[in-house]
Amino acid sequence: MPANNLKEIKDNYDKQYANITKKIIICAGTGCVSSGSMKVFEAFKTELAKRNLNVCLKISEGCREIYLSKSGCQGFCQQGPLLSIGDTFYTKVKDTDVVELIEKSVLKDEVVERLLYKNPADGKQYKTTAEIPFYKKQTRFLLQDCGRINPEDINEYISNGGYESARKAIAEMSDAEICNFMLDAGLKGRGGAGFPTGKKWDLTRQSKGHKKYVICNADEGDPGAFMDRSIMEGNPHSVVEGMIIAAKAIGADEGYIYVRMEYPLAVTRIKTAVREAREIGILGKGIFGTKYNFDINIMEGAGAFVCGEETALIASVEGARGMPRPKPPFPAVSGLFGKPTVINNVETLANIGKIMAVGAQEFRKMGTKNAPGTKTFALTGHVANTGLVEVPFGTTLREIVNEIAGGTTGEDGSPDQEAFKAVQIGGPSGGCLTKEHLDMPIEYDTLKAAGAMVGSGGLVVMNKTTCMPSIAKFFMGFTQNESCGKCVSCREGTKQMLSMLTDITEGKADDKTMHTLEDLANVVKVSSLCGLGKSAPQPVLSTLRYFRNEYNEHIQNKNCPAGACKALAKYTIDPAKCVGCTACKRACPVGAITGEVKKPHAVDKAKCIKCGACMKACKFNAISVGG
């Protein structure tokens, strides 16, 4: 069916869908798949077939009664596998629950209460996502379809208004009109730099050249980040649509999606989306029944973190080693194969079609004046609810941590608001913020002023058991390992910073170490070649800025206040709690514990190797570890 008639595709789909009386949606994002959602899906297929019920796995002619569908990531990753039957939302569903769900929820419209979400704070149960605080407090503009539609069915995407914005851009708008629209909308790049999308497109549009390219940067490499992956898995056609609009805006006839090979499900679904779009004339020659040509190639990256930097990504696509080059010239002038190129990340491109559908001014109603719209975050760490969230710019960290995430958790995993210590935002290129920043609105400028950044959207909450020098060491270890090695300041600077952080956490540092570390961090920040090297010192600089006393405690007193640094750990036995059972003494592999039966024992700190065996063996909580 030719894609110039999207209305016909939509009407045909809607007509077939009208025969469905019950819709079952099973989350098939990576998080849910890893916890067994495909077993649940197969169990539904088997059990529904046993009952001779008419079940459709894809909407088509002859569909009746039940539609069993897979969706992308629904965000509430910690509660997976997730399942919706009609409006009823179930969590932590197992394949062994399927028979009961069919008998009660599918056939009788009864609720299986034991599978409803239960709020850990007050024990209250919720039947629908609209009621659950995790969802209720979000503004799911970009992610609303990720947990609702089948990502492997282009007809379902079109039925929800998909590709209408691309058709309008190709058939009814000029390149300048598209760029001006994006400038009016105020969308900034969601990959971290926050450069205005419309301005980037307009610069590329004005560059001379008969051949131009659009590249989707899907090389999401930040530890703990999964925003782009989830969009590609849950709504891949939104990315394709954004690329089509970008292509018309700059005059490109070819595009590349550069996706990391560690995302097999995302790769499969983006390939399916491109194939489906090509089959009905949305990609290829004469798209949407016009004379405009545009097609997309998919390239799988080998996983180098530096290929998230645009010039290194371009080098990789060209077949060279992924290493950055100096700018200017910028890709808008000389990019892929020396041709003008626009590069946007997944989240930026997925926003485009939706923004055109609602209008620039309507989009600006979300977020702030300087940062319109919403931002997705991969929320992890010491919180009650982890997962993928979307909030308008201007939302405070307190709202995200306490309301959406359900609050900070303590050492035992239970809710404890007083346990909050810091939040790392922006991944290894970002910074750590403190309790004093909880009411700060999330925005590009406010975060930059505080020594952090929006980045790609990683957000890690940490409680009081977290050692901040160790956190800086973790991120520095990552960036040092991922340094491409092209420039000396990044290659050698990150290596030396990691060495100094190691000395600090192992009690080998002196008073000069911290000052040398800070000086070197500032040098690397200003002298590295690319944005990744320039931002590598951020975790160090932000933790030094807000947790300098903790560094001093490690260096001057050889003490880790959080008790997290093994080399600085000091195991002690409380004589008031010790009953002299000798369990710790028998467990110690080096004979560091002394004491007689039924009398308090003691730890010889000179012999202790800090293995923790004594603490595990003690049944009376008499042994503690401190810095």
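Throughout, read-outs are computed from the coordinates displayed, never taken from laboratory work. All figures in this text were calculated on a predicted structure; none of them were measured in a lab. A quick note on method: Cβ atoms are made from the backbone with ideal geometry, for glycine too, and the neighbour counts reach across all protein chains shown.
Helix 346-358 and the long axis of the chain differ in direction by around 50°, with both axes built from C-alpha atoms. Rounded, prolate or oblate: pick one for the stretch 298-422, where a ≥ b ≥ c are the square roots of the eigenvalues of its C-alpha gyration tensor, a/c under 1.5 means rounded, and failing that, prolate if a/b is larger than b/c, else oblate. In terms of gyration-tensor shape, oblate. Subtracting the Cα-Cα distance of A320 and M261 from 0.36 nm times their residue separation leaves 19.5 nm of extension gain. Model label sites at K327 and A121, defined 7 Å from Cα along the beta-carbon direction, differ in position by 4.1 nm. In a reduced charge model with +1 at each Lys and Arg Cβ and -1 at each Asp and Glu Cβ, the chain shows a dipole moment near 1060 debye about its Cα centre. So what's the angle, to the nearest 10 degrees on a 0 to 90 scale, between helix 197-206 and the longest Cα principal axis of the chain? Taking the Cα atoms of the chain, the angle to 197-206 is about 50 degrees. Model label sites at E103 and E131, defined 7 Å from Cα along the beta-carbon direction, differ in position by 2.4 nm.
Treat every Asp and Glu Cβ in the stretch 8-131 as -1 and every Lys and Arg Cβ as +1, leave all other atoms uncharged, and give the resulting dipole magnitude about the Cα centre to the nearest 20 debye.
Approximately 220 debye in magnitude.
In the stretch 543-587, a dipole from Cβ-located charges (positive for Lys and Arg, negative for Asp and Glu) runs towards its positive end, and of N549, G563, V579 it is V579 whose Cα lies farthest in that direction.
Shape call for the chain from the C-alpha gyration tensor, a ≥ b ≥ c root eigenvalues: rounded (a/c under 1.5), prolate (a/b greater than b/c) or oblate? It comes out oblate by the Cα gyration axes. If a/c stays under 1.5 just call it rounded; otherwise compare a/b with b/c (prolate if a/b is bigger, oblate if not). Do that for the stretch 401-476, with a ≥ b ≥ c from the square roots of the Cα gyration tensor eigenvalues. Because a/c hits 1.5 or more and a/b fails to exceed b/c, the stretch 401-476 counts as oblate.
Considering only V488, C530, T516, and ranking their Cα positions along the charge dipole of the stretch 469-556 that arises from unit charges at the beta-carbon of Lys, Arg, Asp and Glu, the one farthest toward the positive end is C530.
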